[in-house]
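FYI, it's all coordinate maths here, none of it is from the lab. The structure presented is a predicted model; accordingly, all values stated were derived computationally and were not measured. Here the Cβ positions follow ideal geometry from the backbone for every residue, glycine too, while neighbour counts run over all protein chains shown.
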Amino acid sequence: MEMTFRWYGSKADTVTLEQIRQIPGVTGVITTLYDTQPGEVWSRERIRGMKREVEEAGLHIAGIESVNVHDAIKTGAPERDDYIDRYIETLENLGKEDIHLVCYNFMPVFDWTRTELARRRPDGSTVLAYTQEAIDAIRSEEMFAAITADANGSVLPGWEPERMEHIRELFAMYRDIDEEKLFENLAYFLRRIMPVCDEYGINMAIHPDDPAWSVFGLPRIITNQENILRMMRMVDNPHNGVTFCSGSYGTNLENDLPGMIRALKGRIHFAHVRNLKFHSPTNFEESAHLSSDGSFDMYEIMRALYETGFDGPIRPDHGRMIWGETAMPGYGLYDRALGAAYLNGLWEAIEKAARRERGEAERS
Ligand SMILES: [Mn+2]
């Protein structure tokens with residue numbers, strides 16, 4: 001695996017490349033052209049500029065998160081082919097610039113959903129949190145105001161104001177879309193983009209829906225092992241793979257995270273590893289990465305990645321806000337850097353123990 005760090009670009013991120021470069025073991029960034037809209041073609045010049053900036057800081061681009069998919073594609077609207085053509089053009093340009101990993105999601109209307117962006121924990125840190133009760137009590141139109149009021153002035157990925165101005169229209173677009181239809185539209189999109197992925201060796205890594213169930217009556221399909229295996233069977237190509245996000249699949253306590261990693265062996269192209277602390281199955285908050293701070297066994301998650309031969313980029317995910325930092329919720333420097341160091345420590349221990357075991361087996 002390669003340890004990486006998400007970076008939104010020098011205009012949008014409070015964290016600098018110089019800071020990322022100093023986190024032990026982090027060699028790559030996962031980045032995006034944050035000011036582009038879904039459906040906009042990424043030019044080679046802009047991709048090259050982004051690459052140059054990262055490389056001049058002593059890092060490299062390990063992948064893109066995300067190239068967003070336009071709602072016309074997700075809903076199967078008549079103009080979807082035009083938007084898929086543009087998506088293919090962006091993929092081609094990324095491939096020509098030697099970028100081979102693209103994370104994306106297929107979530108209707110809302111990207112990840114949290115009901116609190118700064119829940120205070122006993123140690124004084126603040127974290128993103130979710131309760132189903134809060135979602136059930138709010139109308140979907142009010143969700144945007146609730147989320148942005150709390151965002152430290154940053155624009156959250158998936159919650160861009162331009163998008164949310166049209167929230168009623170967006171809901172109307174999805175009125176007739178159920179899970180089956182969404183699956184069909186995803187398969188259509190994947191079938192059309194696979195040839196360019198084959199040509200340029202681009203791994204597509206779908207990000208799970210977060211939380212991993214339906215919100216506001218919208219269909220959600222990338223939620224569990226059964227559905228993700230179905231999606232891979234529908235378009236059976238090694239470039240059609242997944243982003244294994246422990247914090248997203250983990251929102252549903254019925255998802256056995258290490259078991260899923262083993263079931264998806266070979267098709268996990270990218271990993272987001274973070275921990276959640278549950279107070280009830282529908283009330284959780286994002287904790288520190290450490291196993292004992294949350295509800296997941298992070299050792300078992302990392303061991304499953306190691307034992308299935310995972311060799312893609314991995315990144316710490318949302319961190320707590322600590323030490324007085326002001327940043328985009330979930331995307332400060334300090335706690336994610338602690339997360340990266342911790343995950344690197346787990347990996348080193350797992351790797352050395354496995355090597356020792358193999359060595360002993362050879363000697364005996
Ligand atoms: Mn994630």
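Okay, residues lined up against (1) over 16 Å from the mean Cα position of the chain (by Cα); (2) more than 21 Å from A341 (Cα to Cα); (3) surrounded by fewer than 19 Cβ atoms within 10 Å (Cβ to Cβ):
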{"residue": "Q37", "(1), (2), (3)": "yes, yes, yes"}
{"residue": "E45", "(1), (2), (3)": "yes, yes, yes"}
{"residue": "A62", "(1), (2), (3)": "no, no, no"}
{"residue": "S66", "(1), (2), (3)": "no, yes, no"}
{"residue": "P78", "(1), (2), (3)": "yes, yes, yes"}
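Select from region 266-286 the residues that are among the polar types (S, T, N, Q) and away from the ligand (no atom under 15 Å from the Cβ) and list them in ascending order. Outline the logic, then answer.
Pass one, region 266-286, residues among the polar types (S, T, N, Q): 275, 280, 282-283.
Within region 266-286, S280, T282, N283 qualify.
Is it true that some residue in region 290-306 is among the hydrophobic types (A, V, I, L, M, F, W, C), away from the ligand (no atom under 16 Å from the Cβ), closer than 14 Å to G247 by Cα and surrounded by fewer than 21 Cβ atoms within 10 Å (Cβ to Cβ)?
Within region 290-306, one or more residues are among the hydrophobic types (A, V, I, L, M, F, W, C), away from the ligand (no atom under 16 Å from the Cβ), closer than 14 Å to G247 by Cα and surrounded by fewer than 21 Cβ atoms within 10 Å (Cβ to Cβ).
More than 19 Å from the chain's Cα centre (by Cα), more than 16 Å from the ligand (Cβ to nearest atom) and in a helix (DSSP H, G or I), is that true of E254? Can you show your working first?
Values: more than 19 Å from the chain's Cα centre (by Cα): yes; more than 16 Å from the ligand (Cβ to nearest atom): yes; in a helix (DSSP H, G or I): no.
Spelling it out, it is not the case that E254 is more than 19 Å from the chain's Cα centre (by Cα), more than 16 Å from the ligand (Cβ to nearest atom) and in a helix (DSSP H, G or I).
Which is part of a helix (DSSP H, G or I) and either crowded, with 21+ Cβ neighbours inside 10 Å or away from the ligand (no atom under 13 Å from the Cβ) (or both), of G247, G309, G241?
Working: G309 fails: part of a helix (DSSP H, G or I); G241 fails: part of a helix (DSSP H, G or I).
That would be G247, the only listed residue that is part of a helix (DSSP H, G or I) and either crowded, with 21+ Cβ neighbours inside 10 Å or away from the ligand (no atom under 13 Å from the Cβ) (or both).
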